[in-house]
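Shown next, in structure tokens, is the structure this report addresses.
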Amino acid sequence: MFKIRTSKYRHVYCDTPKPEHCFSGIRLSTVTGDQQYIKASAKYYAVALFGGGGPMHIGRLDRPGRFESGTSCQVEGHTGSVLDVDFNPFDDSMFASASEDTTIKLWSIPEDWEPTDEKGLAKKGENLTESLCDLSAHRKKVTLLRFHPTASNVLASTSADYTVKTWDVEMGQEISTFAEFGDNLIQDIVWDIRGDSYATSCKDKTVRFVDPRAGTLSSSIEKAHDGLKSVKLAYLGTTGKFLTTGTSRQRQMKIWDLKNLSQPLHTEALDTASGALLPLFDNDTSVLYLCGKGDGIIRPYEFEDKGPFLHKLNDGFRSTTPAKGCCLVPKRGLDVMKCETARVLKVTNNEGIHPLSFTVPRKSDAFQDDIFPDCPSTQPAHTAEEWQGGSSKLPLTMSLNPALASSNGTGGKKTKLRTVATISAELKEAQDRIAYLETKLKENDISY
């Protein structure tokens, strides 16, 4: 008997955003690579700008409008072009940037950051030039950055020196280095949901799974895809399955079982376009948003932990404007009362940034808890030290119900990072204060 598969997300749709909801006036950096070109937290998004010294535009998600370089405030501090950025999952205003100048810088966005005003017009402001800390151990340009999903202040970075380094950014030091790539540039790096391992793809077509605490190889997939195009990766939640996208005459997706990597469980051919495929996987809802560089199409699939594994949902989003890069906005930044189940930020070459809202049609105005399961919260599951000691935990979760917002702590509170630079500044301030007080005591002939 023929049976139609039921799914809560089967009718998910996405309309073309209105011009007043888009972010424009952004002259993007001309540097190309395997990065996504845009990253977002629940409050901000970040893109690299054209210009000397690696400027970056950090925009507020609630302030669409026109950015003007020279008027609007921006972030500057590198001496080379910025290649990638990544936001701290536990602090919406902290992000790391990777540059051609071989350094990684950590930044904290001030509370009064406003590149555009309420009307969407450029607003004059002061540039952010002082980073929280600098990490410099790579010998060549740093290409990709990924924050740890469960431990606080742990970061992975890839470089053109063919290494992956894992950092404790609070201490400003390396945890481990993995360098078994030969002379092959690394194309992608992803953490698993617990952060116990990361996977990398590189130019030799091999996907490697690495233990980040020790910096040792755990397992690998030889020749995941036959084609020369970039291979992108995604862990599929807690299912023990793994997704790769690449080419072999056609663009394709493959599902792998992490317990048996000898052959894929499922292969799905897509089309003959040439751009790299970016798999954006939502761990909470098991929905995969497949975006292609140079494509105007975003295809939503629902993942199920049994054959045929991937089920296409609706037509997704179609447009004639090609995407340069895409990213997902964290669930905490969505409008849940309008049943917005995902928002993809699509960055284009000449038409700015388009926020694409994927919505499930519902008649009720109440909070729909069946399509909004608990999502990762702003609290880390463990510290960097505990994680290095072998702690393995799933991300702490919170409800998206606005009625419970006060008890969830949805803001992504500012992390007070104690680095060498901040401690030195505090010490200098204390020494100046002591010298001032000593002078006052002498002036009043008080012995001390």
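The values are calculated or read from the model by the stated rules, or taken from the named source; none is laboratory data. Since the model is a prediction, treat every value here as computed from it, not as a measurement. A quick note on method: Cβ atoms are made from the backbone with ideal geometry, for glycine too, and the neighbour counts reach across all protein chains shown. To get the accessible areas, we keep the full protein, side chains included, count just its heavy atoms, and leave off ligands, DNA and RNA. Shrake-Rupley method; radii C 1.70, N 1.55, O 1.52, S 1.80 Å.
Using alpha carbons only, how many angstrom separate the centre of segment 357-409 from the centre of segment 180-195?
27
How much accessible area per residue does the chain have, in Å², with a 1.4 Å probe?
For the chain, the per-residue accessible area is 46 Å².
How large is ³J(HN,Hα), in whole Hz, for each residue of segment 199-207 in order, when computed from phi with the Karplus curve 6.51 cos²θ - 1.76 cosθ + 1.60 and θ = phi - 60°, using x for Gly and Pro?
10, 10, 10, 8, 5, 7, 6, 8, 9
Take the chain, connect every pair of alpha-carbon atoms lying under 10 Å apart with a spring to form a Gaussian network, then pick out the residue of P115, P376, P264 with the largest mean-square fluctuation.
P264
Going by the alpha-carbon gyration tensor, a ≥ b ≥ c the square roots of its eigenvalues, is segment 220-315 rounded (a/c under 1.5) or, if a/c is not under 1.5, prolate (a/b greater than b/c) versus oblate?
Oblate shape, in that a/c is at least 1.5 and b/c is the bigger or equal ratio.
Over 27 Å between C-alpha atoms is what I'm after, so list which of K306/K346; K241/K312; K18/K293; K338/K393; K39/K141 land there.
Over 27 Å apart, Cα to Cα: K306/K346; K338/K393.
Rule-of-thumb check for the chain: C-alpha Rg over 2.2 N^0.38 Å?
The reported ratio for this selection is 1.02.
Is segment 105-155 best put as rounded, prolate or oblate by its Cα gyration tensor, with a ≥ b ≥ c the root eigenvalues, rounded for a/c under 1.5, and otherwise prolate when a/b is larger than b/c, oblate when not?
prolate
Please work out how much length the chain gains when fully extended from A425 to R213, using 0.36 nm per residue of separation minus the C-alpha to C-alpha distance, in nm with one decimal.
That pair, A425 and R213, stretches by 73.2 nm at full extension.
Could you run the Karplus curve 6.51 cos²θ - 1.76 cosθ + 1.60 with θ = phi - 60° over segment 333-346 and give me ³J(HN,Hα) per residue in whole Hz, x for Gly and Pro?
Those phi angles translate into x, 8, 8, 5, 6, 9, 6, 7, 8, 7, 9, 9, 8, 9 Hz.
If you roll a 1.4 angstrom probe over the protein chains with everything in place, what fraction of the accessible area of segment 295-349 belongs to carbon and sulfur, to the nearest %?
On segment 295-349, the fraction of accessible area on carbon and sulfur atoms equals 47 percent.
How many angstrom lie between the Cα centre of segment 1-48 and the Cα centre of segment 235-296?
Comparing the Cα centres of segment 1-48 and segment 235-296, I get a distance of 17 Å.
Near the amide H of A342, under 5 Å away, which other amide H atoms are found, from residues 5 or more places off or on another chain, if H is placed in the peptide plane?
It is F358, by chain and number.
Tell me, Kirkwood radius of segment 80-193 from alpha-carbon pair distances, in Å?
One over the average 1/r among Cα pairs gives 15.2 Å for segment 80-193.
If r is the Cβ-Cβ distance from T16 to A435 and R0 is 60 Å, what FRET efficiency results, to the nearest 0.05?
Taking R0 as 60 Å, the efficiency between T16 and A435 is 0.45.
I need the semi-axes of the equivalent ellipsoid of segment 1-109: take the C-alpha gyration tensor, multiply each eigenvalue by 5, square-root it, list largest first in whole angstrom.
Ellipsoid half-lengths, sorted descending, are 32, 18, 14 Å.
In whole percent, what relative contact order does segment 157-315 give with Cα contacts below 8 Å and a gap of six or more residues?
12 percent.
What net charge do the residues around A323 carry, taking every other residue with its C-beta under 13 Å from that of A323, with Lys and Arg at +1 and Asp and Glu at -1?
Local net charge: +3.
Using a ≥ b ≥ c from the Cα gyration tensor of segment 298-400 (square roots of the eigenvalues), is it rounded, prolate or oblate, where a/c under 1.5 gives rounded and otherwise the larger of a/b and b/c decides, a/b for prolate?
Because a/c hits 1.5 or more and a/b exceeds b/c, segment 298-400 counts as prolate.
Which whole-Hz ³J(HN,Hα) couplings does segment 290-297 yield from phi under the Karplus relation 6.51 cos²θ - 1.76 cosθ + 1.60, θ = phi - 60°, glycine and proline marked x?
Result, rounded to whole Hz: 9, 10, x, 5, x, 9, x, 10.
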